[in-house]
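Q: A single structure is presented below for examination.
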Amino acid sequence: MPVQTRQIGLSLGADLCWPACYEEIVQRLQLSLPSGPNTVEFAVERVRPEPFDLRAKPKYDLVIDRVTHWFYTTREWVKKIAIMDDVYVLNNPWMIQAAEKHTTYCAMMRLGFPIPETWLLPPKEYPTDADFPVTTRRYNKLFDLNKVAEQVGYPMFMKPYDGGAWRGVSRVDDAAALHKGYDASGQQIMHLQNAVDPFDLFVRGIGIGPQVNVIKYDPVAPLHGRYVVDFDFVNDKELATLQRFTRVINAFFCWDYNSCESLRKNGVFHPIDFANACPDSQVTSLHYHFPWMVKALVKWSLFCAYTKRKPKLNPNWAPYFAIADKDLSFDEKLLEYDALARDYFDADRFEEFCGTHLAHLDEVAFDFFGTPRAKAIFHEKVAALYPKHEVEAFTEHFYGLVQFWRKTESDRKPTLARGAASGPSAGATS
Ligand SMILES: Nc1ncnc2c1ncn2[C@@H]1O[C@H](COP(=O)(O)OP(=O)(O)OP(=O)(O)O)[C@@H](O)[C@H]1O
Ligand SMILES: [Mg+2]
């Protein structure tokens, strides 16, 4: 049978650990999949930015891009290959550039998500050149910050409308903190958002294609301890709701890979941050949850490359708004939104693909994450982040948590622990 190679590009910055594990696992899967009269194989390579002819044909079928939000040469290259050459890119670069936190709040409020009361403030200061002075003097309305705050309600959070990485985020408990924070915000456009306070649970839903993993999160722990290892911290209904939140947000914004933070108060989950289309993907943050993330990325990217999934260049919001306008409860609407989202991600076909062609992935990943090679990859990542005297201890720490993942995996699926998988299991590549 003629062999077609699907070329996958990894567009990277500081990431070290997931790409190396991704490459190892794809290689160990030894895939050779039937596709009509052809056989499809997969090759993975790291993208190297270079001058490019806008009409040049790229070699890639799919690119996993992790730098679009700050590395603009790559952003523009990714746009070119998506528009001109039908390359599937994770994530849609236009929707990263255009849909900052503010847009996502507005859109999900319109869909009825329980986003806390949020106001946008014109900035405290403006540039003194161009038309700024005349425009602000002529048109900006003087306002009473205390009155705005009364409507938002204390305690609240002040944070940039396009935030990320906790830049400029502060908790505001009273008028003194409000004025201090606003005075310090300079030319930034800030939101005031009512605090979900007290909350009894903080979770992050990590979404990759239609797959969503809901992880307990501790925002005040040191960085290596924020993603908590815990089980059964939500009931089935809550889990389904949280998975739907993330999947709907991602389908709505054409994001394949994103995370959603939600806080629970009085039994209701309030999403507060879900424009994170380059989510934490390091073993040093995710540890126990890292293998899930790598496997989910392998599955989704192979599915997209194998099926030649067309890049989703434009969001389609009208069907969501039509549901929002119906006379239904939010739970009922969420179910309907999720049906759109699953359809967007071709979830049934994806699950069938995984069952048919990637049945051996669990074994391959289980074995790989117990190898010296996996440990060496973790070591490299830890060495890039930690002071020298902590590198060995933290490598053991993260590797140990991944071994705990292997234990829980083999408890869940006892056949995994019985023997090393040396290649595809029978039927996996049929
Ligand atoms: N409305 C809120 N209620 C309670 N806590 C909040 C609220 N908004 C923000 N926080 C707290 O502040 C933190 C940072 O806010 P947010 O996640 O919106 O900013 P960010 O800069 O996008 O963060 P990151 O990119 O690191 O996730 C949250 O993780 C949470 O701990
Ligand atoms: Mg956040």
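Q: Which one of F368, F378 is closer than 15 Å to L286 by Cα and in contact with a helix residue (DSSP H, G or I) (Cβ under 7 Å, 6 or more places away or on another chain)?
A: Every option except F378 fails the conditions.
Q: Could I ask something else about it? Any residue that is exposed (fewer than 13 other Cβ atoms within 10 Å of the Cβ) and farther than 16 Å from E261 by Cβ - is there at least one of those in segment 205-217?
A: No: segment 205-217 contains no residue that is exposed (fewer than 13 other Cβ atoms within 10 Å of the Cβ) and farther than 16 Å from E261 by Cβ.
Q: Another question about this same structure. Among the residues of segment 201-220 satisfying the criterion of being part of a loop (DSSP other than H, G, I, E, B) and either within 11 Å of ligand 1 (Cβ to nearest atom) or of a type in the set (K, R) (or both), which is modelled with the highest pLDDT?
A: Of everything passing the filter in segment 201-220, D218 is modelled with the highest pLDDT.
Q: Just for segment 154-176: of the residues that are surrounded by 15 or more Cβ atoms within 10 Å (Cβ to Cβ) and outside any strand (DSSP E or B), which one is farthest from ligand 2 (Cβ to nearest atom)?
A: Ranking the candidates gives Y154 first.
Q: Select from segment 105-146 the residues that are in contact with a helix residue (DSSP H, G or I) (Cβ under 6 Å, 6 or more places away or on another chain) and within 16 Å of ligand 2 (Cβ to nearest atom) and write down the one among them that is nearest to F245 (Cα to Cα).
A: Per the criteria, the residue is I115.
Q: Quickly run through segment 323-339 and pick out the residues that are without any contact (Cβ under 8 Å) to a residue 24 or more places away in the chain, over 23 Å from C254 (Cβ atoms) and of a type in the set (D, E).
A: Answer for segment 323-339, where residues must be without any contact (Cβ under 8 Å) to a residue 24 or more places away in the chain, over 23 Å from C254 (Cβ atoms) and of a type in the set (D, E): D327, E332.
Q: Moving to a separate point now. Assess whether V228 counts as being farther than 26 Å from S329 by Cβ and surrounded by fewer than 24 Cβ atoms within 10 Å (Cβ to Cβ).
A: When the stated conditions are applied, V228 passes them.
Q: Could you please give the count of residues in segment 141-166 that are more than 7 Å from ligand 1 (Cβ to nearest atom), of a type outside the set (A, V, I, L, M) and within 26 Å of A99 (Cβ to Cβ)?
A: Residues flagged as more than 7 Å from ligand 1 (Cβ to nearest atom), of a type outside the set (A, V, I, L, M) and within 26 Å of A99 (Cβ to Cβ) within segment 141-166 amount to 4.
Q: Can you tell me which of K180, K147 is over 23 Å from V220 (Cα atoms) and exposed (fewer than 15 other Cβ atoms within 10 Å of the Cβ)?
A: Sole residue among the options that is over 23 Å from V220 (Cα atoms) and exposed (fewer than 15 other Cβ atoms within 10 Å of the Cβ): K147.
Residue-by-condition table, conditions (1) farther than 30 Å from L340 by Cβ; (2) in contact with a helix residue (DSSP H, G or I) (Cβ under 9 Å, 6 or more places away or on another chain); (3) not acidic (D, E):
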| residue | (1), (2), (3) |
| --- | --- |
| A184 | yes, no, yes |
| D200 | yes, no, no |
| K216 | no, no, yes |
| D236 | no, no, no |
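Q: May I pose another question? Could you check how many residues of segment 17-36 are within 17 Å of T371 (Cβ to Cβ) and touching a helix residue (DSSP H, G or I) at 6+ places or on another chain (Cβ under 8 Å)?
A: The total comes to 10.
One line per residue, one yes/no per condition, for (1) within 18 Å of D273 (Cβ to Cβ); (2) touching a strand residue (DSSP E or B) at 6+ places or on another chain (Cβ under 8 Å):
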| site | (1), (2) |
| --- | --- |
| V87 | no, yes |
| C106 | yes, no |
| P114 | yes, yes |
| P122 | no, no |
| D144 | no, no |
| V152 | yes, yes |
| P160 | yes, yes |
| G164 | yes, no |
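Q: Any idea which residue in segment 232-258 is surrounded by the most Cβ atoms within 10 Å (Cβ to Cβ), counting only those that are among the hydroxyl-bearing types (S, T, Y) and either touching a His at 6+ places or on another chain (Cβ under 6 Å) or outside any strand (DSSP E or B) (or both)?
A: T246
Q: What pairs can you find where one residue is in segment 258-284 and within 17 Å of Q193 (Cα to Cα) and within 11 Å of ligand 1 (Cβ to nearest atom), the other is part of a loop (DSSP other than H, G, I, E, B) and among the small types (G, A, S), and their Cβ atoms are less than 7 Å apart, with a gap of 6+ or different chains?
A: A275/A99
Q: Specify which of the listed residues (T39, T103, T118) is surrounded by fewer than 17 Cβ atoms within 10 Å (Cβ to Cβ), of a type in the set (S, T, N, Q) and within 30 Å of F157 (Cα to Cα).
A: Result of the check over T39, T103, T118: T103.
Q: Report, by residue number, each residue of segment 283-303 that is within 16 Å of ligand 2 (Cβ to nearest atom) and buried (at least 22 other Cβ atoms within 10 Å of the Cβ).
A: Across segment 283-303, the qualifying residue is only L286.
Q: Only residues that are of a type in the set (S, T, N, Q) and out of contact with any helix residue (DSSP H, G or I) (no Cβ under 6 Å at 6 or more places or on another chain): list them for segment 147-172, please.
A: Within segment 147-172, just Q151 meets the criteria.
Q: Just the residues that are part of a loop (DSSP other than H, G, I, E, B) and either crowded, with 20+ Cβ neighbours inside 10 Å or touching a Pro at 6+ places or on another chain (Cβ under 6 Å) (or both), please, taken from segment 259-275.
A: F274, A275
The values are calculated or read from the model by the stated rules, or taken from the named source; none is laboratory data. The shown structure was predicted, so the numbers you read here are calculated from the model rather than taken from an experiment. Positions of Cβ are backbone-derived with ideal geometry, glycine not excepted, and every protein chain shown enters the neighbour counts.
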